[in-house]
Each structure stands twice: as structure tokens, then as C-alpha cells.
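Participant: Below you will find the structure I want to go over with you.
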Amino acid sequence: MSAETAWKHKDLVGIQPLTRAEIELIHDTARAFKEVLARPIKKTPSLRGKTVANLFVEPSTRTRLSFELAAQRLSADVVSMVGTDSSSFKKGETLKDTALNLQALNIDFIVLRHSAAGAAQFLAERLHAHVVNAGDGSHEHPTQALLDTYTMREKLGGGGLAKLDGLRVVICGDILYSRVARSNIWALTKLGARVTLVGPATLVPETFRELGAEISHDFDSVLPDAQVLMLQRPQLERQGKTLFPSLGEYTSLFGLTKERFKRCRPDVILMNPGPITRGVEMDSELADGPNSVILAQVTNGLAVRMAVLYLLNGGRGPEGIQP
Ligand code: CP
């Protein structure tokens, strides 16, 4: 690893501050961890003696479990706080005080999911501990974009990791409220891909062009050129108001139905960060079909999160991984 590509960040709060070389370093490191995960004993001592606290103030299945498992596979100790009902959040303790108390327990990493955009950055500026953003409101979900782009590179790489320059990626759905979409737009454009955002005008505002993406409100017209289709569910829990007439109407215009799928390239890659709302943003059989890499995304999330924790801890890229 050259000095130019060495990891320099204390925290991972978003994709926006990363360079292309840093994203590729995470991917190269994740690839090495996938080899570790294929061994009979799926562990390395890289984080032995360190402690990772998962602080998930919002619900999660994939991200929380894979961060827990990633820390365990790296031989760290792991503690988790989930939701607000069983912690002192319920008694009015603030996020800052909660995090300072974790740090007082000599926690080395805090992995935070929170409903407020900027929550991870807020903690990163106040703690000595490393902070990893596991999703902050509608802002960023950096490890999701890292695992999504890793999955594309792996799928297209023929045994290696392909470059994504010129790749045509369509992200369809609730872009306005999607931290996954924002982080993916940053990651994909840094990696040279061409991103088109699709959805109703209420969920895909023109301002997203400023991030380097194209915009369309006609799903059918963009399907024939798409090499990757990323389907995003309508995030009704965040919208708080009606932004389209009904789920049925949404699906008729922006759902990947079997009929609409006929317009796609035969080798189109279908992605969904999960949770899937089957029959809304995509047909259930397509989600389980041969073009889908949805479960590969989940598998790769573990290796990518191992790579992130390892690099934040001072790991020196793939060549520094202890057997
Ligand atoms: N993709 C994702 O963040 O899923 P979870 O909310 O289940 O973690």
C-alpha cells in the first residue's frame, strides 16, 4: 500500500469525504476478508483487545447483525444497544451523554444508526473513539454503498474486481428519503459510473442533478440501457405525508414488474438494499431470480464491514491481514 492510498480517517461518517482510491482500498481489503470468511475458521486476530459498541437507535436487521458479526470475526469484543426502550434513552439521556458513557467504558468503536442526519458526524467530532455511520436519517449509509459497489465490481469482474467506469446504473424509487441512494450516488460517480435516478417527481427532485446524476420520471424508457437496476422501496416511515396516490399506482409506474423486466438487457443486475417490499418496488419472483444479487449484497456486507473496522483500526490494507 503506497502512502497515497493509505487509510487516513479516524471515522467513516459518509462516502462524500472519501476518494476513489480509498473506496478501492476498502474493496481490495474486503476481497481479502472474503477469503478469510471462506476458511473453516472464519476469524482473524486483527481487532483482538478492542471493543465495538453497536448503538442502533433505529431498527435494522442486515446492518446491525453484519457489524456484530464483522467485529466478532475480527476477534473484537462486542456490545450492542438496540432501540430506545431498554436503555437510558428512555429516561431522556442524550445521544452525546450516551456516547461519552460508552467511551468512559473504553469502547474503541461506536457503530451508530440514528434517525437524525448528521448524528454520526456529531459524535465523531466529540469522541476519541472511532465512529462508523450505519445510517443517519436520510443522509448517508456509507457501508451500504460500499457493499453495493463491491457487489457490482465482483459480479462484473470475472474472478476479480471490475472497474465501474462508464457502467450505466439506474436507481429507481424513493430517492428523496433514501440515505442508500445518496451514498450510492457519491460512490458510483467517484468510481466513474453513470447514474440515472428514476421515480415520481415528488421523490426524485431536480436538485439531485447537482450530485452528478441524471434524472428521469419514465422508468420504461431507461430500462433497455441499464446494466444495473437498484430498486429502492418507498420509505413510508420517513415520508410523513402522501407523496404518491397509492402503492398500487406507484408499482404501476415505477415497480419492476415481470412485464417491465422484458425491456431489460438479459444480463441486467438486479439489486435491492433490503428490506424488500415484494410486489411493490419489484416483483417477488424477480427478487429471487437469476438476475438478482440481493443476497450476495448481504454476504458482501460482512466482508466490507470487516474491512472498514480493520482499516479504521490502522490496518494496512489486504497485505496486513493476519492469518
Ligand atoms: N439495508 C439495510 O440497511 O438494512 P437494515 O435496515 O435491515 O439494516
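The values are calculated or read from the model by the stated rules, or taken from the named source; none is laboratory data. It should be emphasised that the depicted structure is a prediction, and the values quoted were computed from it without experimental measurement. Ideal geometry is used to build each Cβ from the backbone, glycine not excepted, and the neighbour counts take in all protein chains shown. What goes into the accessible areas is simple: the full protein's heavy atoms, side chains included, and nothing from ligands, DNA or RNA. Shrake-Rupley method; radii C 1.70, N 1.55, O 1.52, S 1.80 Å.
Participant: 5 Å is the cut-off here: which amide hydrogens, built 1.01 Å from N in the peptide plane, fall below it relative to SER115, excluding neighbours closer than 5 in sequence?
Facilitator: GLY137
Participant: Net charge near ALA38, counting Lys/Arg +1 and Asp/Glu -1 over other residues with Cβ under 15 Å of its Cβ?
Facilitator: Neighbourhood net charge equals +4.
Participant: Put +1 on the Cβ of every Lys and Arg and -1 on every Asp and Glu Cβ in the chain; which of ALA213, PRO290, SER138 then has its Cα farthest towards the positive end of the dipole?
Facilitator: Farthest towards the positive pole: PRO290.
Participant: I've got another one for you. What ³J(HN,Hα) values, in whole Hz, does the Karplus curve 6.51 cos²θ - 1.76 cosθ + 1.60 give for segment 314-323 when θ = phi - 60°, with x put for Gly and Pro?
Facilitator: x, x, 9, x, x, 6, x, 6, 6, x
Participant: Got a number for carbon plus sulfur as a percent of the chain's accessible area, 1.4 Å probe?
Facilitator: C and S fraction of accessible area: 52 percent.
Participant: Right, next: Given the whole protein assembly as supplied and a 1.4 Å probe, what does the accessible area of TYR150 come to in Å², nearest 10?
Facilitator: Here the residue's solvent-accessible area equals roughly 0 Å².
Participant: Quick one: net charge around ALA129, please, counting Lys, Arg +1 and Asp, Glu -1 for every other residue with C-beta under 14 Å from its C-beta.
Facilitator: 0
Participant: Another one. In whole Hz, what ³J(HN,Hα) sequence does segment 284-298 give by Karplus (6.51, -1.76, 1.60; θ = phi - 60°), x for Gly and Pro?
Facilitator: 4, 5, 5, 4, 9, x, x, 7, 7, 10, 4, 7, 5, 4, 5
Participant: Separate question: Within segment 1-95, which GluC sites (Glu not before Pro) sit in a loop by DSSP and count at most 14 neighbouring Cβ atoms inside 10 Å?
Facilitator: Loop-located and lightly packed - GLU93.
Participant: Now a separate question. Along the Cα→Cβ direction, 7 angstrom out, place labels at GLN322 and VAL79. What is the inter-label distance in nm?
Facilitator: My value for the distance between the label points is 2.3 nm.
Participant: Let me ask something else. How large is the charge dipole for the chain, taken about the Cα centre, if only the Cβ atoms of Lys, Arg (+1) and Asp, Glu (-1) carry charge, to the nearest 20 debye?
Facilitator: For the chain, the charge dipole is close to 680 debye.
Participant: Further question on the same structure: Report the local net charge at MET152: Lys and Arg +1, Asp and Glu -1, summed over other residues whose C-beta lies under 14 Å from its C-beta.
Facilitator: Computed value for this residue: +2.
Participant: In addition: If each of LYS258 and SER221 carries a label point 7 Å out from its Cα toward its Cβ, how far apart are those two points in nm?
Facilitator: The modelled label-to-label distance comes out at 2.9 nm.
Participant: May I ask you to derive the relative contact order of the chain, considering only C-alpha pairs under 8 Å and at least 6 residues apart, and to give it as an integer percent?
Facilitator: Contact order relative to length: 22 percent.
Participant: For segment 34-92, what does the accessible surface come to per residue with a 1.4 Å probe? Please give it in Å².
Facilitator: So segment 34-92 comes to 54 Å² accessible per residue, rounded to a whole number.
Participant: Which value in deg cm²/dmol, rounded to the nearest 500, describes the helix-derived mean residue ellipticity at 222 nm for the chain, given -39,500 (n - 2.57) per DSSP H run of n ≥ 4 and division by the residue count?
Facilitator: Estimated from H runs of four or more residues: -10500 deg cm²/dmol.
Participant: Let me ask you something else. So with the 1.4 Å probe, I'd like the accessible area per residue for segment 180-320, rounded to whole Å².
Facilitator: On a per-residue basis, segment 180-320 sits at 41 Å².
Participant: Could you derive backbone 3J(HN,Hα) for segment 134-148 from the dihedral phi with the Karplus parameters 6.51, -1.76 and 1.60 (θ = phi - 60°), listing whole Hz in sequence and x where the residue is Gly or Pro?
Facilitator: 9, x, 10, x, 8, 7, 9, 9, x, 5, 5, 5, 5, 6, 5
Participant: Okay, moving on. Once fully extended, how much extra length lies between SER86 and ARG62, figured as 0.36 nm per residue of separation less the alpha-carbon to alpha-carbon distance?
Facilitator: 6.6 nm is the gain from fully extending SER86 to ARG62.
Participant: Past 23 Å, Cα to Cα: identify those pairs from LYS50/LYS96; LYS34/LYS163; LYS34/LYS258, in the order given.
Facilitator: LYS34/LYS258
Participant: Keeping all protein chains in position, work out how much accessible area SER66 exposes to a 1.4 Å probe, and write it in Å² to the nearest 10.
Facilitator: 10
Participant: Using a 1.4 angstrom probe and counting only protein chains, how large is the accessible area of LYS190 in Å², to 10?
Facilitator: Its heavy atoms expose roughly 60 Å² to the probe.
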